[in-house]
Amino acid sequence: MPAFTYTGNYSSLSGWMWFTDRLDIADEGWKLHVSGNAQFGQAILDRVLPVLQNGMVGHKFLATSEEVEALHGLQRGKMLAVYPDSIVQAFMVVTEIDRALVGVVGRHDVPCIVQEKWVGRTVVYTRYGAYNSSIYHPTRDIYVDDSIGETAPPWVSDPWGLYSANPDWRAVTAHQPWPRHSKEGHRRMGRK
């Protein structure tokens, strides 16, 4: 199976192609995963990468259909990861991805991403988690492992009940933002 073709500024790191125009991202938040497989991978990248590039949204993707098909267990289907700056940006990105993919690929064409919430109308899933490897626990004032096996930790409220393709932006912007804290270090994408 061949490598996917794409345009834009990307750099390979640990098997992922990272968008180099936007490397500075927050430590944690509502990450998005676009589910894909070898059959629909190229069509997804052709339509979604321009959306993310134009919005200057941090993201990474697997560069070959072999890598996508090799994903298994909790990683199955996660061909493209998106790192929004805020819940408003996350909602906007889901809406734009849906516009790009509706009629091209549907939820039943690609794997369901386990332990994540399906959002939008196409193949986008989300969970609250680290954009690297650990999330900040505000009560304990420490970083904890991000393998908690849930959509969000108990200290983070779920804003996705407010989501629609035409959300009430007043309610969305009033929603509690994800935690920011004194230890927040804005990690660079791709850095361990």
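Among the residues of the stretch 1-23, those that are in contact with a strand residue (DSSP E or B) (Cβ under 6 Å, 6 or more places away or on another chain) and within 27 Å of Tyr136 (Cβ to Cβ) comprise Trp16, Trp18, Phe19, Thr20, Arg22, Leu23.
Rundown of residues vs (1) part of a loop (DSSP other than H, G, I, E, B); (2) over 16 Å from the mean Cα position of the chain (by Cα), yes/no style:
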| residue | (1), (2) |
| --- | --- |
| Tyr6 | yes, yes |
| Gln42 | no, yes |
| Pro50 | no, no |
| Leu80 | no, no |
| Val94 | no, no |
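Suppose the filter is open to solvent by less than 10 Å² (accessible area, probe 1.4 Å) and part of a loop (DSSP other than H, G, I, E, B); does Val68 pass it? The answer is no for Val68. Taken over the stretch 8-24, residues that are within 21 Å of Ala130 (Cα to Cα), assigned to a strand (DSSP E or B) and in contact with a Lys or Arg (Cβ under 9 Å, 6 or more places away or on another chain) amount to 6. Annotation note: of Asn37, Asn9, the sole residue that is at pLDDT 95 or above and over 24 Å from Pro111 (Cα atoms) is Asn9.
For the stretch 119-140, the set of residues classified as assigned to a loop (DSSP other than H, G, I, E, B) and in contact (Cβ under 8 Å) with a residue 40 or more places away in the chain consists of Gly120, Arg121, Val123, Tyr131, Asn132, Ser133, Pro138, listed by residue number. Exactly one residue among Val172, Val156 is surrounded by 15 or more Cβ atoms within 10 Å (Cβ to Cβ), part of a helix (DSSP H, G or I) and either at pLDDT below 85 or of a type outside the set (Gly, Ala, Ser) (or both), and that residue is Val172. Of everything listed in (1) farther than 22 Å from Trp18 by Cβ; (2) open to solvent by 30 Å² or more (accessible area, probe 1.4 Å); (3) at pLDDT below 85, the single unmet condition for Pro167 is (2).
Of the residues making up the stretch 44-61, those that are in contact with a Gly (Cβ under 7 Å, 6 or more places away or on another chain) and open to solvent by less than 30 Å² (accessible area, probe 1.4 Å) are Ile44, Leu49. Scanning the stretch 55-65 for residues that are within 14 Å of Trp16 (Cβ to Cβ) and of a type outside the set (Gly, Ala, Ser) yields His59, Lys60, Phe61, Leu62, Thr64.
Can you go through Gly77, Gly41 and tell me which one is open to solvent by less than 50 Å² (accessible area, probe 1.4 Å) and more than 21 Å from Arg127 (Cβ to Cβ)?
Working: Gly77 fails: more than 21 Å from Arg127 (Cβ to Cβ).
Of Gly77, Gly41, the one residue that is open to solvent by less than 50 Å² (accessible area, probe 1.4 Å) and more than 21 Å from Arg127 (Cβ to Cβ) is Gly41.
The values are calculated or read from the model by the stated rules, or taken from the named source; none is laboratory data. Computed from a prediction, not measured in an experiment: that's the story for all the values here. Positions of Cβ are generated from backbone atoms using ideal geometry, with glycine treated the same way; all protein chains shown enter the neighbour counts. For the accessible areas, the whole protein counts, side chains as well, though only heavy atoms, and no ligand, DNA or RNA atoms are used. Shrake-Rupley method; radii C 1.70, N 1.55, O 1.52, S 1.80 Å.
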